[in-house]
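A.B. asks: This is the structure I want to talk about, given as structure tokens.
The values are calculated or read from the model by the stated rules, or taken from the named source; none is laboratory data. All figures in this text were calculated on a predicted structure; none of them were measured in a lab. All Cβ positions, glycine included, derive from the backbone under ideal geometry; neighbour counts span all protein chains shown.
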Protein chains: 2
Amino acid sequence: MQTGNMLIAQSGGPSMVINQSLIGAVLSAAKSPAIGRIYGARHGIKGILDGSFIDLRRETARTLEAVAHTPSSALGSVRRKPTPSDCAAIFQALHRLDVRYFFYIGGNDSAETVHIINEEAKRARYELACFHIPKTIDNDLRENDHTPGYGSAAKFVACAFQGDDLDNRALSGVKIDIIMGRHAGFLTAASALARQNPDDGPHLIYLPERPFDLDRFTDDVKKVVARLGRCVVAVSEGISDDQGELIASRFIKETDTHGNKQLSGSGALGDMLAQVIRTRAGISRVRADTFGYLQRSFPGVVSAVDAREAREVGAVAVREAVKGAVTSGSVAIRRKTGAKYAVTYAVVPLRHVARETRHMPSNFINRAGNDVTQAFLDYARPLVGPLPKIGHFRQMLGS
Amino acid sequence: MQTGNMLIAQSGGPSMVINQSLIGAVLSAAKSPAIGRIYGARHGIKGILDGSFIDLRRETARTLEAVAHTPSSALGSVRRKPTPSDCAAIFQALHRLDVRYFFYIGGNDSAETVHIINEEAKRARYELACFHIPKTIDNDLRENDHTPGYGSAAKFVACAFQGDDLDNRALSGVKIDIIMGRHAGFLTAASALARQNPDDGPHLIYLPERPFDLDRFTDDVKKVVARLGRCVVAVSEGISDDQGELIASRFIKETDTHGNKQLSGSGALGDMLAQVIRTRAGISRVRADTFGYLQRSFPGVVSAVDAREAREVGAVAVREAVKGAVTSGSVAIRRKTGAKYAVTYAVVPLRHVARETRHMPSNFINRAGNDVTQAFLDYARPLVGPLPKIGHFRQMLGS
């Protein structure tokens, strides 16, 4: 067992439970004789480079619990990929603090950051245990059955569609909702969990995994409106045409240093799709909402399973690092087979998780490419947990 | 005490507690010997004209309670102002059903509908008790201290800003959130309830009650960014320039039959304001979210006070109608003076509530016109109730 200080940080887009992972790791480290000081870097590797740290042992148990139950990244976050010269500066900083354990909570870009730091540390002969702790509302990390952050964001999306479908029943028309998920449709797909009755929305679901075609989209909406007199549509921000070109990129230009297009924080895609339905389908009442950052940061709508697992992946990362059987890796969630939902945790090589994204498997998507399957619902339901109970007059459902 | 059947319907934009008012009225009517059948019209006056009714006595007590706790309008809604010939057709329909009690749940446009029906009924010598039951998330009904629906929508907005401010702390930049409220800023103002610490957002709040100027807005944002390195802004969809022209109307054309511009269901205003900050203030990370319909229909985020009062205004309307001291009116909520929050209910003439909107009083808005005052916070806090607890590392707040 290597002894030394530890540094932990958060990176990428916040989630509702990323602080559970942070606190899980901190509480696990506090119990380990191998770990001395517990530093938190502000805003990910930016804090390491700027020398901006906090001493997490100085925070009270009560504060730690309050932070665990608070959405977003309590240490601040960053979107930055370290260069070789960043890494040299990082090792100098870590050396000064005698840090021998490094934990980084984030998605696949963050896993890539850990992978780079781990490779550069070996090259620089700086002894450092490097662990990635998974987090992403997109649910797109390879090697994982699902990722912390997804269940709670999926719950928000499912609740939002429960409400939006009720709204659309009251004042009918076409309603288009744009949901986060750059490459993977898992979060958009979670909208289907809102359905309880045969004619409940969302009636159509469009995912990045299938090419999006404006004519087919228009036809699909017209058919639903002809049948029900209304239509609620879930659309991923990441939908692309058959050339793989983002539909949204026709309007949006900004990119981050990982080369990702900025899709959220703009209503352009939804407004464009609404305009298409107005003009091509000749339907007058068409509205679009873009759920935006509420999906990842809204407080109080948390999946209990997600919160528990998020805490656990943090704790597992520290336990495995201290054990020392491997000196680097990413914690992955695996689902046990069997009727009852249960998971185990594994440590997998960083390069298996870094950078690349996992997509919705084909058996989760219907043939027409405009809905999910029962297999997806069975997969997602235990991650989200119970939703608010919705009441209808029996005589209204018959109509 | 007049005896006869009763008809109830819902109109205008849904809210999270409009069904509480419906069920409050139905349960109160079910106990009254004056009332025979209890009809619900589907989609407001449209259902009366179409002959589309349900028999609310046929629904079980359990269904009634489930519906009460479900957002949106369980009977369906409509935005339609009755013409004199509509009224004639309405009285024929009501006569066929022997309806002598008419209740309509909605905002100021719905109050106008009740007022028109009441006046036309007198002219047609059709004996009908006409009562308006207040509902609007905009909180803009005259004669009322506040309106059912506001507290819950305000809670959603306050929660959303809690989360969004945490998100903005994690990944800094300028974040602009567009909030519902066509003429009155009460809902946008509720964003201020999210603040707990001195540098918590929203840092700027723009209301329809004050002229909006793009240059002043840009300067305000630049100042906050210079001080905090970030800025969260709450903007009402109803902001207008010094000529009274809606800023959003530069992008949006659709109107309803009451002559209202359709503002929600589009991200155009937020995207435009974000673009202004990017170009005029030279800030690169600027995002805009438009909260949209989630504010009025998201399930599970309800103010307990709001739910209770929403049920009560429905019950009061029926009790007062059956009592017969007045044959028409609108139920209004009045706040008792004193340290402890408490309300009473009054019946006021329909014309006092119809059509016109109530605005934020001047003492609720700061001098610069870009924030609310302590008086507003004291006014709004009891209507919203407790918010999710937010935890921060003490060392992060000091930064």
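A.B. asks: Tell me whether segment A:65-85 contains one or more residues that are within 21 Å of B:P388 (Cα to Cα), touching a strand residue (DSSP E or B) at 6+ places or on another chain (Cβ under 6 Å) and at pLDDT 95 or above.
C.D. replies: yes
A.B. asks: A further question on this structure: Check segment A:176-192 and report whether any residue there is aromatic (F, W, Y) and out of contact with any strand residue (DSSP E or B) (no Cβ under 9 Å at 6 or more places or on another chain).
C.D. replies: yes
A.B. asks: Could you tell me whether any residue of segment A:319-333 is in contact with a Leu (Cβ under 9 Å, 6 or more places away or on another chain) and within 14 Å of chain B (Cβ to nearest Cβ)?
C.D. replies: Checking segment A:319-333: not a single residue is in contact with a Leu (Cβ under 9 Å, 6 or more places away or on another chain) and within 14 Å of chain B (Cβ to nearest Cβ).
A.B. asks: Name the single residue, out of those in segment B:265-316 being β-branched (V, I, T) and farther than 24 Å from B:Q10 by Cβ, that is nearest to the other protein chains (Cβ to nearest Cβ).
C.D. replies: Going through the qualifying residues, I end up with B:T290.
A.B. asks: Any chance you could count how many residues in segment B:301-348 are of a type outside the set (K, R) and more than 24 Å from B:P71 (Cα to Cα)?
C.D. replies: Of the residues in segment B:301-348, 18 are of a type outside the set (K, R) and more than 24 Å from B:P71 (Cα to Cα).
A.B. asks: Here's another thing I want to ask about it. Of the residues that sit in segment B:195-223 and are part of a helix (DSSP H, G or I) and acidic (D, E), which one is nearest to B:F393 (Cα to Cα)?
C.D. replies: In this case the residue turns out to be B:D220.
A.B. asks: Do we find a residue being of a type in the set (D, E) and assigned by TED's automatic domain parsing to the domain that holds A:A342 anywhere in segment A:298-309?
C.D. replies: yes
A.B. asks: Now for a separate question. Select from segment A:363-381 the residues that are of a type in the set (D, E, K, R) and in contact with a helix residue (DSSP H, G or I) (Cβ under 8 Å, 6 or more places away or on another chain) and write down the one among them that is nearest to the other protein chains (Cβ to nearest Cβ).
C.D. replies: Only one residue tops the list, namely A:R381.
A.B. asks: Collect the residues in segment A:122-153 that are in a helix (DSSP H, G or I) and either more than 30 Å from B:S72 (Cβ to Cβ) or more than 14 Å from chain B (Cβ to nearest Cβ) (or both), keeping them in residue-number order.
C.D. replies: Answer for segment A:122-153, where residues must be in a helix (DSSP H, G or I) and either more than 30 Å from B:S72 (Cβ to Cβ) or more than 14 Å from chain B (Cβ to nearest Cβ) (or both): A:K122, A:R123, A:Y150, A:G151.
A.B. asks: Oh, and also: Exactly one condition in (1) among the hydrophobic types (A, V, I, L, M, F, W, C); (2) within 13 Å of chain B (Cβ to nearest Cβ); (3) buried (at least 24 other Cβ atoms within 10 Å of the Cβ) is not met by A:F53; state its number.
C.D. replies: The failed condition is (3).
A.B. asks: Checking B:E119 against (1) of a type outside the set (S, T, N, Q); (2) more than 14 Å from chain A (Cβ to nearest Cβ); (3) without any contact (Cβ under 8 Å) to a residue 24 or more places away in the chain; (4) under 18 Å from B:A310 (Cα atoms), only one condition comes out false. Which one?
C.D. replies: (4)
A.B. asks: Search segment A:154-194 for residues being away from chain B (no Cβ under 14 Å) and assigned to a loop (DSSP other than H, G, I, E, B), and hand back the single one that is nearest to A:H392 (Cα to Cα).
C.D. replies: It comes out as A:G185.
A.B. asks: From the list A:A88, A:A66, exactly one residue is buried (at least 18 other Cβ atoms within 10 Å of the Cβ), out of contact with any Phe, Trp or Tyr (no Cβ under 9 Å at 6 or more places or on another chain), without any contact (Cβ under 8 Å) to a residue 40 or more places away in the chain and not in a loop (DSSP other than H, G, I, E, B). Which is it?
C.D. replies: None of the other options fit; the residue is A:A66.
A.B. asks: Quick check on this structure: which one of B:T70, B:T113, B:T60 is away from chain A (no Cβ under 14 Å) and hydroxyl-bearing (S, T, Y)?
C.D. replies: That would be B:T113, the only listed residue that is away from chain A (no Cβ under 14 Å) and hydroxyl-bearing (S, T, Y).
A.B. asks: Just one of (1) of a type outside the set (S, T, N, Q); (2) surrounded by fewer than 24 Cβ atoms within 10 Å (Cβ to Cβ); (3) in contact (Cβ under 8 Å) with a residue 12 or more places away in the chain trips up A:D219, so point out which.
C.D. replies: Every condition holds for A:D219 apart from (3).
A.B. asks: Hey, another quick one. Of the conditions (1) touching a residue at least 12 places away in the same chain (Cβ under 8 Å); (2) within 14 Å of another protein chain (Cβ to nearest Cβ); (3) over 22 Å from the mean Cα position of the chain (by Cα), A:V384 fails just one. Which one is it?
C.D. replies: Only one criterion in (1) touching a residue at least 12 places away in the same chain (Cβ under 8 Å); (2) within 14 Å of another protein chain (Cβ to nearest Cβ); (3) over 22 Å from the mean Cα position of the chain (by Cα) is unmet by A:V384, namely (3).
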